[in-house]
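Novice: Sharing a structure below in structure tokens format, with a few things to ask.
No value in this document is a laboratory result; all are computed from the given coordinates. Model, not experiment: these values are computed from the prediction. Here the Cβ positions follow ideal geometry from the backbone for every residue, glycine too, while neighbour counts run over all protein chains shown.
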Amino acid sequence: MCGIVGAVAQRNVTGILVEGLKRLEYRGYDSAGVAVLETENNHLKCLKSVGKVNQLAEKVAQNDIDGQTGIAHTRWATHGVPSEDNAHPHVSGDRFALVHNGIIENYSALRKSLQQDGYQFISETDTEVVVHLIHKLCTKNGLSLLEAVKTMVKDLHGAYGLCVIDKEQPDRLIVARSGSPLVIGVGIGENFVASDPLALGQVTDQYIYLEEGDIAEVTKDNIDIFANGEIVNREVTRIRGEIDDVTKGDYGHFMLKEIYEQSRVIQNTLNGRISAEHVLEESFGVKAKAIFDQITSVQIVACGTSHHAGLITKYWLESIAGIPCHVDIASDYRYRRIIVQPGTLFVTISQSGETADTLAALRYANELSYVASMAICNVATSSLVRESDFSLLTMAGREIGVASTKAFTTQLVALLLMTLVLGRRHGLTEEKESGYVHDLHKLPALVTDVLKQDTAIQQLSIQFADKHHALFLGRGPQYPVAKEGALKLKEISYIHAEAYPAGELKHGPLALVDDRMPVVAVAPNDELLGKLKGNLAEVSARGGKLFVFADESAGFDDEEEYQLIKLPAVPEVLAPILYTIPLQLLSYHVAILKGTDVDHPRNLAKSVTVE
């Protein structure tokens, strides 16, 4: 994901812009640039470089830029290869400079129209269209920069976070947000803009989060925010920036904090990657479309929790995209003969991107005849991302608890986006894709609703405090969810827990069931619900104690033979993501009762960097 920094002040802002870009390096990028209105002559000075921010910093130092208004950007290529021409900021008429996060879906039609008006394009990007549209509205229609942006955004389809400067109005930044986050950093006699508050931690701890559709005019002394054409007030929030990720705040453990962050980080993972109706395919990178066009099957390789994400994705790919998917555990993958089917995409999943087995599998796969390799990862600078042909970052933020929570659910979100993009090529209609995207827009709020069951789950966890074994059950895509729930319980509470497909009970596991064996079941209201109820009746008949996490519309009632946690009705495609969260909470509260080290369980490490 790209990064934006902007500043308007009474002092030279060049160093602030470059430092802001350095603080955004964790997001991943392939080029960087800065544009400043120089104080002495009001000249628009724009410098760009391919590669690291340090290379841009050297250029800036050599040119001795001094200006009080400027913007800067780190880019991860979506339209056009990494190059200085394609890097941001983009300039029009040596007057306007603009930076942009997101994807403009209708840029091709806009570009053709502008070319007919005589505009020449230097880059291959969608962004250059936007700055030329602003130039046209200001120079030919006589609009101010603010009015031009207000008018221009009506023609944009897709997702964007924009920041633009005009050398004829050198005392202001204009910003606009739709589907891609922006914040305003509030100072004294100076104000700032960024795509992430982390970029501004060196200059302020007060922020205004722009809401969807907001447009703002920012000067050194004033901030005006417009929604639907009217000036609105937005709350100023004080945060401690980079300290937040490495402190527990009001939470007892990092794991609990990270469970509660899931609504926000899932939204971060969706930002700039979906419009109102579609997945924005360009967010996968400039290489992705040509690769996806060739794909007829997928091979997923991962370890632990990430492997469970892969197992869920297999259900999605086969039911939604209609293409076969194979899922392997990374530690075994390279020790068997691999038969690669033509048209297969090799996908790795890892939180850290440094998991030794997964990296080794990728390196082995690179010697085989896969179309390409893709990484789903949380760390932009990781070996896995660097060694894959392309990647999609999960945007979960730093995860400190060893037992993965928010990294897992954001992996699932990223993998569902991949599924929908591949589905387009294999019969997924625009209408169906739109339905799935509408569901994704609801996902962060649904996560918040599920978390409201925390107190009830904490009470339920008391019944696990003296137990040494547990059984988890699920059917279809809920079986990998059950596996993830069992893994979490064993990781942090040290209770031996196993998961089975509920239909396999009669093939062995039923022998373990008695009144001392808690049996946990996940029961969304899907096509397998009737079958699952029959399986649970088998457990009850053997005296087993059932703990059922069920859709409120699934027809379960509180009865003696089981305890029920009712969850909100959720779209079927999202159920694996949402039903994971109560199992995370259950494991956490049981571990607290057991008195274990929740964040650092014995014998385990956050990133497994040895085989």
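Novice: Eigenvalues of the Cα gyration tensor times 5, then square-rooted: what semi-axes does that give for the stretch 3-244, in whole angstrom, largest first?
Specialist: Each semi-axis is the square root of five times an eigenvalue, giving 24, 21, 18 Å.
Novice: Show that you can apply the helix-only estimate: for the chain, add -39,500 (n - 2.57) for every DSSP H stretch of four or more residues, divide by all residues, and state [θ] at 222 nm to the nearest 500.
Specialist: The per-residue figure over the chain is -10000 deg cm²/dmol.
Novice: Quick check on the exposure proxy: order His253, His73 from fewest to most C-beta atoms within 10 angstrom.
Specialist: Starting with the residue having the fewest Cβ neighbours, the order is His253, His73.
Novice: Treat every Asp and Glu Cβ in the chain as -1 and every Lys and Arg Cβ as +1, leave all other atoms uncharged, and give the resulting dipole magnitude about the Cα centre to the nearest 20 debye.
Specialist: Its charge dipole is roughly 960 debye.
Novice: Mind giving me the nanometre distance, one decimal, between the label points for Tyr494 and Glu318, set 7 Å out from Cα along Cα→Cβ?
Specialist: Output for this residue pair reads 3.8 nm.
Novice: State, as an integer percentage, the relative contact order of the stretch 454-594 based on alpha-carbon contacts under 8 Å between residues 6 or more apart.
Specialist: Taking the mean separation of contacting Cα pairs over the length of the stretch 454-594, I get 31 percent.
Novice: Pull up the DSSP beta bridges for the stretch 454-594 and report the antiparallel fraction as a percent, rounded to 5.
Specialist: Of all bridge pairs located within the stretch 454-594, approximately 5 percent are antiparallel.
Novice: Another question, then. Going by average Cβ density within 10 Å per residue, which order do the peptides 578-591, 402-415 take, highest to lowest?
Specialist: Answer by packing, highest mean first, reads 402-415, 578-591.
Novice: So, one more: Could you give the dipole magnitude of the stretch 3-244 about its Cα centre, charging the beta-carbon of Lys and Arg +1 and that of Asp and Glu -1, in debye to the nearest 20?
Specialist: 220
Novice: Between Asn63 and Ser144, what length comes free when the chain is fully extended (0.36 nm per residue of separation minus the Cα-Cα distance, one decimal in nm)?
Specialist: Length difference between fully extended and current span is 26.1 nm.
Novice: Further question: Just need the relative contact order of the stretch 271-439 here, percent rounded to a whole number, with Cα pairs under 8 Å and 6+ apart.
Specialist: 27
Novice: Right, next: Note down the nm distance, to one decimal, between modelled labels 7 Å out along Cα→Cβ at Glu504 and at Gln458.
Specialist: 3.5
Novice: Okay, moving on. Would you list Cys138, Cys46, Cys163 from fewest to most Cβ contacts within 10 Å?
Specialist: Least crowded to most crowded, the residues run Cys46, Cys138, Cys163.
Novice: Could you pull out every residue, at least 5 positions away or on a different chain, whose amide H is within less than 5 Å of the one on Ala372? Hs are placed 1.01 Å off N in the peptide plane, and Pro or chain starts have none.
Specialist: Phe346
Novice: Express in nm, to one decimal, how much length is gained between Lys432 and Ile239 on full extension, taking 0.36 nm for each residue of separation and deducting their alpha carbon distance.
Specialist: Contour length minus Cα-Cα distance gives 65.5 nm.
Novice: Follow-up. If R₀ is 41 angstrom, what is the calculated FRET efficiency for the pair Ile122 and Arg602, using the beta carbon separation as r and rounding to 0.05?
Specialist: 0.10
Novice: How high is the relative contact order of the chain? Use alpha-carbon pairs under 8 Å, at least six apart in sequence, and give a whole percent.
Specialist: 11
Novice: Something else about it: Mind putting together the pair-distance distribution for the chain? All Cα pairs, 10 Å bins, whole percent per bin, short to long.
Specialist: 3, 16, 25, 24, 17, 9, 4, 1, 0
Novice: By per-residue mean of other Cβ atoms within 10 Å, what is the highest-first order of 379-390, 203-214?
Specialist: Those peptides, ordered most packed to least, come out 379-390, 203-214.
Novice: Rounded, prolate or oblate: which one fits the stretch 454-594, using the alpha carbon gyration tensor with axes a ≥ b ≥ c (rounded when a/c is under 1.5, else prolate when a/b beats b/c, else oblate)?
Specialist: Rounded shape, in that the Cα axes give a/c under 1.5.
Novice: Which order do peptides 319-326, 125-132 fall in by mean Cβ count within 10 Å, highest first?
Specialist: 125-132, 319-326
Novice: How much net charge surrounds His441 when only other residues with a Cβ under 12 Å from its Cβ are counted (Lys, Arg +1; Asp, Glu -1)?
Specialist: For residues surrounding His441, the net value is -1.
Novice: Quick one: Cα centre-to-centre distance for the stretch 28-42 and the stretch 87-150, in angstrom?
Specialist: Measuring centre to centre over Cα atoms gives 17 Å.
Novice: When each pair of different Cα atoms in the stretch 292-394 is counted once in the 1/r mean, what is the Kirkwood radius in angstroms, to one decimal?
Specialist: Roughly 13.3 Å, rounded to one decimal.
Novice: Divide the volume of the convex hull of the Cα atoms of the stretch 1-116 by its number of residues and quote the answer in cubic angstrom per residue.
Specialist: Given the Cα convex hull of the stretch 1-116, per-residue volume reads 99 Å³.
Novice: On a 0 to 90 degree scale, rounded to 10, what angle separates helix 406-424 from the longest Cα axis of the chain?
Specialist: On a 0 to 90 degree scale, this one is about 80.
Novice: In degrees from 0 to 90, rounded to the nearest 10, what is the angle of the helix 529-541 Cα long axis to the longest principal axis of the chain?
Specialist: 40
Novice: How far is helix 304-316 tilted off the main Cα axis of the chain, in degrees rounded to 10, range 0 to 90?
Specialist: Helix 304-316 and the main axis of the chain meet at about 90 degrees.
Novice: Using the Karplus curve 6.51 cos²θ - 1.76 cosθ + 1.60 with θ = phi - 60°, what ³J(HN,Hα) values do you get for each residue of the stretch 573-578, in whole Hz, with x for Gly and Pro?
Specialist: 5, 8, 4, x, 6, 6
Novice: Follow-up question, since we're still on this one. Once you order the gyration tensor axes a ≥ b ≥ c over the Cα atoms, which shape class does the stretch 371-518 get: rounded for a/c under 1.5, otherwise prolate or oblate by comparing a/b with b/c?
Specialist: prolate
Novice: Could you run the Karplus curve 6.51 cos²θ - 1.76 cosθ + 1.60 with θ = phi - 60° over the stretch 370-387 and give me ³J(HN,Hα) per residue in whole Hz, x for Gly and Pro?
Specialist: With coefficients 6.51, -1.76 and 1.60, one gets 5, 4, 6, 10, 10, 10, 9, 8, 9, 10, 5, 8, 6, 4, 4, 5, 5, 8 Hz.
Novice: Please arrange Leu156, Leu512 by how many other C-beta atoms lie within 10 Å of their C-beta, fewest to most.
Specialist: Sorted ascending by nearby Cβ count, the order is Leu512, Leu156.
Novice: Turning to a different aspect of this structure: Would you kindly derive the ³J(HN,Hα) couplings of the stretch 207-220 from the backbone phi angles with the Karplus curve 6.51 cos²θ - 1.76 cosθ + 1.60 (θ = phi - 60°), listing them in order in whole Hz, with x for Gly and Pro?
Specialist: Result, rounded to whole Hz: 9, 10, 8, 5, 9, 4, x, 5, 10, 9, 10, 10, 10, 5.
Novice: Please give me, ordered by residue number, the chymotrypsin sites (Phe, Trp or Tyr not before Pro) of the stretch 21-125 that lie in loop per DSSP and have at most 16 other Cβ atoms within 10 Å.
Specialist: Answer by residue number: Phe121.
Novice: In the structure shown, do any of Lys257/Lys432; Lys22/Lys167; Lys22/Lys154; Lys52/Lys314; Lys289/Lys490; Lys257/Lys287 have a Cα-Cα gap over 31 Å, and if so which?
Specialist: Pairs exceeding the cut-off: Lys257/Lys432; Lys22/Lys154; Lys52/Lys314; Lys289/Lys490; Lys257/Lys287.
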